[in-house]
Amino acid sequence: MQYSLGIDAGGTYTDAVIIRNSDREVIDSNKALTTYPDLLTGIENAIDGLDRGYLPDVKLVSVSTTLATNTILEKTGYPVALILVGENTLSDTIPISEYTIVKGGHNINGTEDERLDMDAVREYVEKVRDRVSAFAVSSYFSVRNPDHEIRVREMITEMTGLPVVCGHELSQDLGAYERGVTAYLNAQLIPIAKQFIDAIVSDVRKRGIEAKVMMLKCDGSIISIEEAMEKPIESVFSGPAASLMGASFLAKTDTCAVIDVGGTSTDVSLNHNGFPELVDEGAVVGGWQTKVKAIRMETSAMGGDSHVWVKNRKINVGPRRVIPLCLAAVKYSGFMEQLRAGRTPSRVQLEENIQPTKFFVRTAKENPGLSGYEGEILAMIGEEPVSINDIFWKLGSPISTDHIDGLIQKRLVQAIGFTPTDALHVLDEYTQWDREASMEGARILSRLTPMDEYELCRKIKEEVSINMAINLMGFMFRDIERSEIEKMLRGKYVSQLKSNVPVVLLGGPVAAYVDELGSLIDARIIVPKYSMVGNAVGALVGKGVKQIEILIRASYEKSERSILVFSPEGRAQLTNHAEAVEYAMNLGKKLVLEYMADSGVEYDDIDIDIKRHDITMDDSGGMPFETRLVFLGVGLPKNEGSISGI
């Protein structure tokens, strides 16, 4: 009997599942708290909770992780220098400390637009080589002719031996600056991805697992571990992709909308005929517009661990994530006494960080060398929770909550507070942790509102349900303002919004929201078995997918007509359109099959779908001026070695 192991390192929990390959059934699963910044500890804890008897027969391990996303959001990537070739690559503002623009680049037909200034490249590389760990290169119209990027890469490699990432290797889409950003972020991530992947592989081998190790991409497909180390940028948002693929698999439907309620956020996405809906323009990560193909999703900063706080007798949910009171009571001895004895601030003092149920705990193990007021506050926060009031009495002076926010954003301090998870504990609908801590927190907060503790918690549950419905309908009706959707959902009308596809819920206690959500929208709502570890399942069930685009374009240079073919392999020139189409057809299929063969996974079958779009100069139906061929290869891994499909 052979098995597959799926792992998802999320923002709050790290999940692990074992699936039997013969019938694709989940036979074991485990959840562990995600450990930050070292994700490996949480992964080890998740695997430790599985039945060890299955591990020697595991033949495939697949991982989805927040590592790439978090690294970009927290700006903790390795130092990289970006070289943009061609003055047309310049953006209005380039928020990168190390970059240069040199002469060079090509035109739309792949002909050299300006001679490449290799002397400027050499001078810049010599200047920054000791300050960076890698280089990124993007040239104007390199998707039509990558020659200048390749020449720059060869020079840098010869001069420094450092890694070099070229824009044309990551995307065939137009947009030299955006390709440059994608290459820049990818280069930042390579050392971090290598450390993480090496650690995963080492842990897997240590457990006696001789299996292929794969990673999930942000478009829901799987890639080899080797490609994952070369192109870690493609794993951004792999968590939402994992939830989408896992939901479809567990619900046994290849068309569905998915609502994934995590600790920090709620994500909505769509699977149609087994394929995720992707964003056309590429993923935006931490404000960076990239050329990475990722799933389209609607996200809100409201999840199971969102902070519930009160101001002016009004309940607010989020956007910050905190440790739930019910979990804090389990993690920290003596926390219940602190919670009961806590001082309630005056109503005029209340704000997000000043709440009778808000506490802080230090997460930094080493002294980060902070100076000034921020350093003094950090010194007052230890490994046991403290309140704002505790810090005030230790310092002997008023505290700026801005400094507290700064410590939280630097991940030196973590907050504890009342959450929707606590509300469900009070309502006895989810009781994984300490219910009494949640009850005490609800009693304290309810005194600041016109509600009792149970009314407060029902109101919080209602707000989370409405948020889920707003996200879902906002995703479905992308051209409708969210405010209008919210008005319809909160209004008392004789009709309601409807989803024509099943809605699958994933996440810890999502079953508690089914009735509330069903009262807001007309939909078939599914909470599959193992919904709590759906992301780890999704890490396993991705298909092998490769898309290749080839452009055939008529060129008129110096009054001579020629047919140009642009592909990931570069530019080719042919004599006529029919010959060019035949050449492109053969090349596209070859590139898809070569990619699948190099992926390290054996496939039962590889299906290649080809779409063709012709553009003519007029409506006469004559010879196309431009032909675009899109090859979509889909491979289902062999059943005895891995699992996939729905």
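Mind checking whether some residue in the range 148-162 is outside any strand (DSSP E or B), among the hydroxyl-bearing types (Ser, Thr, Tyr) and open to solvent by 10 Å² or more (accessible area, probe 1.4 Å)? Within the range 148-162 (the criterion being outside any strand (DSSP E or B), among the hydroxyl-bearing types (Ser, Thr, Tyr) and open to solvent by 10 Å² or more (accessible area, probe 1.4 Å)), the answer is yes, since at least one residue qualifies.
Taking residues in the range 439-455 that are assigned to a helix (DSSP H, G or I), and partners anywhere that are small (Gly, Ala, Ser), the pairs with Cβ atoms closer than 6 Å and at least 6 places apart or on different chains are Glu453/Ala442; Glu453/Ser446.
For the range 456-503, a residue qualifies if it is open to solvent by less than 30 Å² (accessible area, probe 1.4 Å), touching a residue at least 40 places away in the same chain (Cβ under 8 Å) and part of a loop (DSSP other than H, G, I, E, B), and the qualifying residues are Ser499, Pro502. Here Gly263 meets each of (1) part of a loop (DSSP other than H, G, I, E, B); (2) buried (at least 24 other Cβ atoms within 10 Å of the Cβ) with one exception, condition (2).
Let's see how each residue does on (1) in contact with a Leu (Cβ under 7 Å, 6 or more places away or on another chain); (2) touching a residue at least 24 places away in the same chain (Cβ under 8 Å); (3) surrounded by fewer than 18 Cβ atoms within 10 Å (Cβ to Cβ):
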position: Gly304; (1), (2), (3): no, yes, no
position: Gly318; (1), (2), (3): no, no, no
position: Glu351; (1), (2), (3): no, yes, yes
position: Phe360; (1), (2), (3): no, yes, no
position: Leu378; (1), (2), (3): yes, yes, no
position: Ile381; (1), (2), (3): no, yes, no
position: Val386; (1), (2), (3): no, yes, no
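Taken together, the residues in the range 12-48 that are exposed (fewer than 15 other Cβ atoms within 10 Å of the Cβ) and either on the phi > 0 side of the Ramachandran plot or in a loop (DSSP other than H, G, I, E, B) (or both) amount to 4.
Scanning the range 184-232 for residues that are in a loop (DSSP other than H, G, I, E, B) and at negative phi yields Arg207, Ile209, Glu210, Ala211, Lys217, Cys218, Asp219, Ser221, Lys231.
Return the residues of the range 514-527 that are touching a helix residue (DSSP H, G or I) at 6+ places or on another chain (Cβ under 7 Å) and open to solvent by 10 Å² or more (accessible area, probe 1.4 Å); say none if nothing qualifies. The answer is Glu516, Leu520, Ile525, Ile526, Val527.
When Ile72 is tested against (1) of a type in the set (A, V, I, L, M, F, W, C); (2) modelled with pLDDT of 90 or more; (3) under 30 Å from Val152 (Cα atoms); (4) within 19 Å of the chain's Cα centre (by Cα), only condition (2) is not met.
Among the residues of the range 82-116, those that are modelled with pLDDT of 90 or more, surrounded by fewer than 23 Cβ atoms within 10 Å (Cβ to Cβ) and assigned to a strand (DSSP E or B) comprise Tyr99, Thr100, Ile101.
Quick one: in the range 407-438, which of the residues that are outside any helix (DSSP H, G or I) and open to solvent by less than 10 Å² (accessible area, probe 1.4 Å) is farthest from Met302 (Cα to Cα)?
Residues of the range 407-438 outside any helix (DSSP H, G or I): 410-419, 427-434.
Cutting the leftovers down to open to solvent by less than 10 Å² (accessible area, probe 1.4 Å) gives us 413, 415-419.
Details: Val413: 20, Ala415: 16, Ile416: 16, Gly417: 14, Phe418: 13, Thr419: 10 Å.
Once the filter is applied, the top-ranked residue is Val413.
Can you tell which of Val181, Val143, Val125 is out of contact with any Gly (no Cβ under 7 Å at 6 or more places or on another chain), crowded, with 23+ Cβ neighbours inside 10 Å and assigned to a helix (DSSP H, G or I)?
Values: Val143 fails: assigned to a helix (DSSP H, G or I); Val125 fails: crowded, with 23+ Cβ neighbours inside 10 Å.
The conditions single out Val181.
All told, Ile72 falls short of being in a strand (DSSP E or B) and over 26 Å from Ser248 (Cβ atoms).
The values are calculated or read from the model by the stated rules, or taken from the named source; none is laboratory data. Just so it is clear, the model here is predicted, and its values are computed rather than measured. Every residue, glycine as well, gets a Cβ built from its backbone with ideal geometry; the counts of neighbours run over all protein chains shown. Note: areas computed on protein heavy atoms with side chains; ligands, DNA, RNA excluded. Shrake-Rupley method; radii C 1.70, N 1.55, O 1.52, S 1.80 Å.
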